[in-house]
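Below: one structure, written as structure tokens.
Quick note: the coordinates plus some simple rules give every number you see, no bench work behind them. Because the structure is a prediction, the values reported are computed rather than measured. Cβ coordinates were reconstructed from backbone atoms using ideal geometry, including for glycine residues, and neighbour counts include every protein chain displayed.
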Amino acid sequence: MFLLSLERGITRFSNLLGVVSTVLFIGLLFNVFYDVLMRYVFNDVSIGMQELEWHLYAAIFLLGIPYGIQHGGHVRVDLIYENLPLKGKAWIDLLGCVFLLMPFTLLVGYYGIGFAHEAYELGETSGDPGGLPYRWIIKAVIPFAFFSMTISGLGMIIRSINAIRGVSEEGFSHPPIQH
């Protein structure tokens with residue numbers, strides 16, 4: 001019962017990141033609209049607004065991955081996977097998470113902390129005049145996102161263990177998207 005509760009909590013966390021990505025995407029749409037309007041109607045270019053576009057895009061992508069992991073949107077060989085029984089799918093997900101996903105996300109997250117910390121300590125800003133200050137903010141999204149991917153991977157491991165034990169079949173054929 002504890003594992004099911006933990007799995008549901010991790011799913012809620014991943015869903016929250018999906019909502020954050022959605023809100024950031026809407027912000028990106030408004031940003032691009034404003035930038036295009038200012039450039040082509042008023043002949044005014046803002047380097048800061050252009051940089052904000054790639055900051056938002058990076059955050060959307062990085063924070064959307066844990067949601068994708070939790071809901072089966074990640075890459076795997078579906079030709080083989082889809083024809084396996086439930087326990088076979090669970091074993092593939094379990095082994096893939098333990099030996100591939102978890103080590104990679106923990107490694108990038110760990111080194112990303114130093115990357116963001118160095119940018120903060122140096123007071124790194126944009127190299128372009130009129131660019132955005134506080135470059136450490138977008139760099140801090142990297143370790144946060146990778147540790148969030150680790151948490152989603154842990155949820156996938158728990159879901160796989162629950163399926164192998166016969167406790168739950170949730171998330172293996174067509175994962176439910178919960179809001």
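Values computed for the structure shown
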quantity	calculated
Hz values of 3J(HN,Hα) by residue in the stretch 39-46 - Karplus curve (6.51, -1.76, 1.60), Gly and Pro given as x	6, 8, 9, 10, 6, 10, 10, 10
Inter-label distance, nm, simple model (7 Å from Cα along the C-beta direction), Asp128/Val19	3.4 nm
Calculated FRET efficiency for the pair Leu106/Ala58, C-beta based, R₀ 25 Å, to 0.05	0.80
Overall form of the stretch 20-123 per C-alpha gyration tensor (a/c, 1.5; a/b vs b/c)	oblate
Ellipticity estimate at 222 nm from DSSP helix runs (n ≥ 4, -39,500 (n - 2.57)) divided over the chain, nearest 500	-25000 deg cm²/dmol
His117 paired with Ser5, simple spin-label distance in nm, labels 7 Å along Cα-to-beta-carbon	3.4 nm
Residue-span extension gain [Asp44 to Phe99] - 0.36 nm each, minus C-alpha spacing	14.8 nm
In nm, spacing of pseudo-spin labels at Ile137 and Val167 (7 Å Cα→C-beta vector)	4.1 nm
Rounded to 10°, Cα long-axis angle of helix 136-165 versus longest principal axis of the chain	10 degrees
Relative contact order computed over the stretch 98-138 (Cα-Cα under 8 Å; 6+ residues apart), in percent	30 percent
